[in-house]
Amino acid sequence: MSELKFLRTPAERFADLPDFDYPVAYLEPASFAPLRMAYVDTGPAAADVTFLCLHGEPTWGFLYRKMIPEFTARGCRVVVPDMFGFGRSDKPTADATYTFDFHRDSLLAFVTGLDLHNIVLVVQDWGGLLGLTLPMALHGRVTRALVMNTVLATGEGSPSEGFTRWRDYMATQPDPDVGAILSRAVADISPAEVAAYEAPFPDASYKGGVRRFPALVPTKPDMAGAAISRTARAWFQSEWTGDMFFAVGMQDPVLGPPVMERLRDDIAPGVALYPVAAGGHFVQEHGVEAARAACEHFRL
């Protein structure tokens, strides 16, 4: 990775983030140096339980600011990384660098690099497409999962018509307007919150990950990530011994209730879906009650 060209968003872009004043830490995951992955690590370092919160696209760890206090209030540690290309993490300049395996491998290296155990995996959007393939490779480190508005993309077609429209739209956007995307999707978002979502991306050269993610969703059997996603589905069906809680933003036209029902039936039949009535695709923006309900379910 030493020849890889990348950008590093200036730190001053992240000044005065609303409700997200946690110290930032950095890790160079094994085999990804010199790339730095940024993360928030809050709550007791020696806690028995660690919430690992994985964001999707085009967001970053800021998305979890309303849920983090609910997890730390239970005495748990909370770790929230920014994937490469997002947030305060480094951003390779070549769009082709962003692949399913690149992101999956970096997350595995992150978890093992911090030596996290007894993990509650918290996922949404790409956090779930990637994150739900991790437990089988982490040898018992993940014991619970909070799953929100996501999918295991096994290459058996598009998750929804809403996703197809989103993918096709993003294919026409060399400089995606991240603030506009969040403003359309979250009705009560404030200007300061929109600015926080825009902060990682001073210009289009920083947006390779934003541009690439929609096209990377495996919709055909031979696409990268499809086979490992099918393996993960089979693993959950036959080997998973942990606990799951599903929360769904009911207003999401992309990965909403029908998608989540299929995912639940695939990997955790019979588990109820917790409805977040006002929640859209970025359900964490209305996720406080879901976080509390999940903690109660997990008896934390």
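Cβ-Cβ distances below 9 Å connect the following pairs, each with a first residue in region 135-152 that is closer than 17 Å to residue 299 by Cα, a second residue that is among the charged types (D, E, K, R) and part of a strand (DSSP E or B), and a separation of six or more residues or different chains: 143/243; 144/243; 145/243. Among the residues of region 112-130, those identified as surrounded by fewer than 24 Cβ atoms within 10 Å (Cβ to Cβ) and of a type in the set (A, V, I, L, M) are 114, 116, 119, 123.
Among the residues of region 220-238, the ones that are of a type in the set (Ser, Thr, Tyr) and open to solvent by less than 50 Å² (accessible area, probe 1.4 Å) come to 1 in all.
Looking at region 201-219, which of the residues that are over 22 Å from residue 259 (Cα atoms) and of a type in the set (Ser, Thr, Tyr) is most open to solvent (accessible area, probe 1.4 Å)? In this case the residue turns out to be 205. Against the conditions (1) free of Cβ contacts under 8 Å to residues at least 40 places away in the same chain; (2) over 25 Å from residue 259 (Cβ atoms), residue 103 satisfies every one except (2). If you take the residues in region 2-55 that are aromatic (Phe, Trp, Tyr) and within 18 Å of the chain's Cα centre (by Cα), which one is most open to solvent (accessible area, probe 1.4 Å)? Taking the candidates together, the pick is 26. Applying the condition of being among the polar types (S, T, N, Q) and buried (at least 24 other Cβ atoms within 10 Å of the Cβ) to region 56-96 and asking which residue is nearest to residue 291 (Cα to Cα) yields 59. Checked against (1) touching a residue at least 12 places away in the same chain (Cβ under 8 Å); (2) outside any loop (DSSP other than H, G, I, E, B), residue 280 meets all criteria but (2).
On the stretch given as region 173-198, residues that are surrounded by 14 or more Cβ atoms within 10 Å (Cβ to Cβ) and under 18 Å from residue 61 (Cα atoms) total 14. Of the residues 296, 285, 261, which single one is under 21 Å from residue 51 (Cβ atoms) and surrounded by fewer than 24 Cβ atoms within 10 Å (Cβ to Cβ)? The match here is 296. Note on region 241-252: among residues that are under 18 Å from the mean Cα position of the chain (by Cα) and either open to solvent by 10 Å² or more (accessible area, probe 1.4 Å) or of a type outside the set (Phe, Trp, Tyr) (or both), the one that is farthest from residue 122 (Cα to Cα) is 252. I'm checking my understanding of the structure. Among residues of region 144-172 that are open to solvent by 40 Å² or more (accessible area, probe 1.4 Å) and farther than 17 Å from residue 253 by Cα, which one is nearest to the chain's Cα centre (by Cα)? Across region 144-172, the extreme among qualifying residues is 144. Could you pull out the residue among 232, 196, 180 that is over 22 Å from residue 255 (Cα atoms) and part of a helix (DSSP H, G or I)? Just one listed residue meets the conditions, 196.
The values are calculated or read from the model by the stated rules, or taken from the named source; none is laboratory data. Fair warning: this is a prediction, and the values are worked out from it, not measured in the lab. Cβ sites come from the backbone with ideal geometry, for glycine too, and all protein chains shown count toward neighbours. Quick note on the areas: whole protein, heavy atoms, side chains included, nothing else; ligands and nucleic acids left out. Shrake-Rupley method; radii C 1.70, N 1.55, O 1.52, S 1.80 Å.
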